[in-house]
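**Q** Input: one structure, supplied below.
Nothing in this text is a laboratory measurement; each read-out follows from the coordinates by a stated rule. Note that the structure is predicted; figures quoted are calculated from it, not measured. Please note: Cβ atoms are built from the backbone with ideal geometry, for glycine as well, and neighbour counts cover all protein chains shown.
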Amino acid sequence: MNDFIIEKIDTYPLFYKLKEPYGDANGPKKFRECFLIRITTRSGLVGWGECVDWLPALQLSFEKRITPYLVGQTVTDRELIIRQVQGWHQRAASGISMALTDILAQAAGLSICELWGGAHQGVIPVYASFQSYTDSPQWMDTSLQRIDKAVDEGFTLLKIKVGARPFKEDRVHVERVQGAYGDRIQLAIDGNQSYDVGAAKQWFQLLQEWDNFLWFEEPIPTDRVHDYAMLRTLSPIPLAGGENVVDATKFIPLLRQSALDIIQPDVMHHKGIDAFRTTLAMGREFGMRCSPHTYDGALSRLYAIFAQACLAPWSKMQGDSIEPVEWDVMENPFTSLLSLKPERGQVTVPTGRGIGVEIDEEKIRAHLWDGSLY
Ligand code: MG
């Protein structure tokens, strides 16, 4: 068991200032951040994980508390370790769970999917996810240009934002996207919880006009479970949500009241990769579709793809049996920290030992956070 004793933790806080801010109904984003950890065992096995939070908070948590605790622990005590760290910093626990899972898979000579019992799917669809707004009055033209590029690259599933501008303006955006690409794509719209019931219902007439809408994401705050259940009976297209819900138990009210058609958990907002998989499995038990939310970095998205590959299909329909995972197509250097790339809107699930792909350490060094507050 000595082989599994944790010897070293390296942390890599990464920061990137965007050339031009972009955003959603929550406002513009001026930067992207990513926090990677590397756990090394006494025998030289290495596992990587990713966490999300304000970088100074994560860095201090690791330095003062988590790293001193982890060194000397045994990787095979994964559940106990994660439970301990959850009590200090839930989001750090998620990254640690990835790194420990990676190490165990490598030690067993298995891919992550093999460790989890095998993949149902070797290929996972991904959808191009846009932050549609900029501060410019020409934001809609910029959005259309970005969509044009993604469609050119082979994406057929797209998600755009609504809810930051008046309904009439957002409607023109949706109509322009549908007019230009509607015959080639399927489209989701995401309100980021910006409406109330009345404002959300304004969309329903328009949503009936095309048959290629994927879903309406978070039109209203996710804790309005009754309102969601009512909207779901009225909405002409599926309702989706739950990217900030932190574990399976918090999904229960939404599941029990059939308030959504599609749940969208995020690996890094959960208490770990195992907790995330529990949520997906529970979604299936309640007969819901599961389309994981991912936003920050490439590694957490890869874990979402592994989990999706190991999830039983929701449907027997050929070609439509597994739900897509979100793929950030905005300016973000952390998207390419892994060599994994979609082709024609699909990702081939890596089958090598552990995560099965290399992490670009040169790129990590190029984007290390300089320690200044932001
Ligand atoms: Mg969303």
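**Q** I'd like the Karplus ³J(HN,Hα) series for region 345-350: coefficients 6.51, -1.76, 1.60, θ = phi - 60°, whole numbers in Hz, and an x wherever there's a Gly or Pro.
**A** x, 9, 10, 7, 5, x
**Q** Let me ask something else about it. Projected onto the charge dipole of region 19-58 (+1 at Lys/Arg Cβ, -1 at Asp/Glu Cβ, origin at the Cα centre), which of SER43, GLY23, LEU55 gives the Cα projection farthest towards the positive end?
**A** The residue sitting farthest along the positive end of the dipole is SER43.
**Q** Still on this structure, I have one more. What do you get for Rg/Rh over region 55-121 if you use C-alpha atoms and the Kirkwood form of Rh?
**A** Result for region 55-121 is an Rg/Rh of 1.04.
**Q** When the Karplus curve 6.51 cos²θ - 1.76 cosθ + 1.60 is applied with θ = phi - 60°, which whole-Hz ³J(HN,Hα) does each residue of region 21-26 get, with x for Gly and Pro?
**A** 3J(HN,Hα) across region 21-26, in whole Hz: x, 9, x, 9, 5, 7.
**Q** 222 nm [θ] for the chain, helices only, -39500 (n - 2.57) per DSSP H run of 4+, per residue, to 500?
**A** Helix-only estimate at 222 nm: -10000 deg cm²/dmol.
**Q** In addition: Give the percent of DSSP beta bridges with both residues in the chain that are antiparallel, rounded to the nearest 5.
**A** Once the DSSP bridges in the chain are tallied, antiparallel ones form about 55 percent.
**Q** Bins of 20 Å, beginning at zero and ending with the bin holding the largest distance: percent of Cα pairs per bin for the chain, please.
**A** 29, 59, 12, 0
**Q** Moving on to the next point. Taking the alpha-carbon centroid of each part, what is the distance from region 147-201 to region 235-301 in angstrom?
**A** 22 Å
**Q** Now for a separate question. What order, most packed first, do the peptides 121-127, 72-78 have when packing is the mean number of other Cβ atoms within 10 Å of each residue?
**A** Final packing ranking: 121-127, 72-78.
**Q** Something else: For the cross-link pairs LYS30/LYS161; LYS29/LYS168; LYS271/LYS316; LYS201/LYS316, which exceed 21 Å when the distance is taken from alpha carbon to alpha carbon?
**A** Where the Cα-Cα span goes over 21 Å, the pairs concerned are LYS29/LYS168; LYS271/LYS316; LYS201/LYS316.
**Q** Here's another thing I want to ask about it. Work out from phi, with θ = phi - 60° and the Karplus expression 6.51 cos²θ - 1.76 cosθ + 1.60, the ³J(HN,Hα) of each residue of region 149-165, listed in order in whole Hz, and give x for Gly and Pro.
**A** After applying 6.51 cos²θ - 1.76 cosθ + 1.60, I find 5, 5, 5, 4, 6, x, 5, 10, 10, 10, 9, 10, 8, 9, x, 8, 10 Hz.
**Q** While we're on this one: With a cap of 13 neighbouring Cβ atoms within 10 Å, and only residues DSSP puts in a loop, list the GluC sites (Glu not before Pro) found in region 178-273.
**A** GLU209
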